Amino acid sequence: MRDFILEVITPETLTIAEIAINNLAALILAIFLMLTYRVTYIGTAYSRRFNLAMGGIVIVTTMIMGIISNNVALSLGMVGALSIIRFRTAVKDVRDALFIFWAVAAGIGCGVSQYIMVGVGSMFMFLFLLITMRSGQVNRQLLVIQTSLKAQAEAEAIVEEHFGKTAHRISKSQDEVMCELVYSVREGALKKADDENVIEITQRLMHIEGVTRVSIVEQQDDIAR
């Protein structure tokens with residue numbers, strides 16, 4: 001019994017060659033993950049520091065797994081140490097959480113020398129991201145109109161005439177004198193309507209007395225209708 005306990009709590013010593021191979025595999029996977037994130041990223045707020053951090057997570061996780069591999073005492077201590085760390089960096093995109101889990105999984109696999117498992121899994125993840133990175137993505141624009149209450153009805157009529165049923169009002173806010181209208185419209189429908197009417201919607205709206213500002217911005221988040 002004593003020998004069994006000592007065997008369990010005694011750390012397994014990795015050779016220098018095993019450590020080097022594990023970390024080399026982690027480095028290759030980290031670079032592959034970073035390139036995948038850069039190639040498949042969709043949006044305007046790409047963070048190079050976040051991408052570098054994900055690559056570092058792979059290597060650090062590999063190091064941790066090498067330390068606690070087949071050692072119950074160290075693994076329990078490591079869990080306790082990591083539990084007191086509070087990560088305050090907010091994940092702006094849910095998709096970024098996928099890459100964080102991928103980085104951790106790759107580091108765990110390299111730390112226990114499961115190179116084929118993490119390599120094949122990473123290739124399938126890369127293919128999945130390539131196939132789905134454009135699926136469900138609809139380029140929409142938000143038409144934001146700031147107008148007086150007296151000109152509100154005319155502005156709404158112009159938008160309906162310009163776009164027909166392709167523009168959907170998703171927000172309306174007002175106070176005692178001013179009103180803000182927000183419409184969602186597909187990018188293609190916006191260009192088509194502008195071409196058909198010969199004049200841009202922003203110019204038509206600004207010709208209305210009482211309209212103070214018209215803005216068109218890219219819609220980044222899904223808005224339920």
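For the reader, a short list of remarks on this structure follows.
- Mean sequence separation of contacting Cα pairs (under 8 Å, at least six apart), scaled by the length of segment 134-202, corresponds to a relative contact order of 39 percent.
- Extension gain for THR166 to LEU130 (0.36 nm times residue separation, less C-alpha to C-alpha distance): 10.0 nm.
- Pairwise FRET efficiency - MET123 versus ASP195, Cβ, R0 = 45 Å, nearest 0.05: 0.55
- For SER215 and ILE16, the difference between the fully extended length at 0.36 nm per residue and the C-alpha to C-alpha distance is 65.5 nm.
- Distance between the 7 Å Cα→Cβ label points at ILE116 and GLU176: 7.7 nm.
Every number here is computed from the coordinates shown, using simple stated rules; none is lab data. Just so you know, these numbers come straight off a predicted model, no measurement behind them. Don't worry about glycine lacking a Cβ; one is built from the backbone with ideal geometry, like all the others, and counts go over all protein chains shown.
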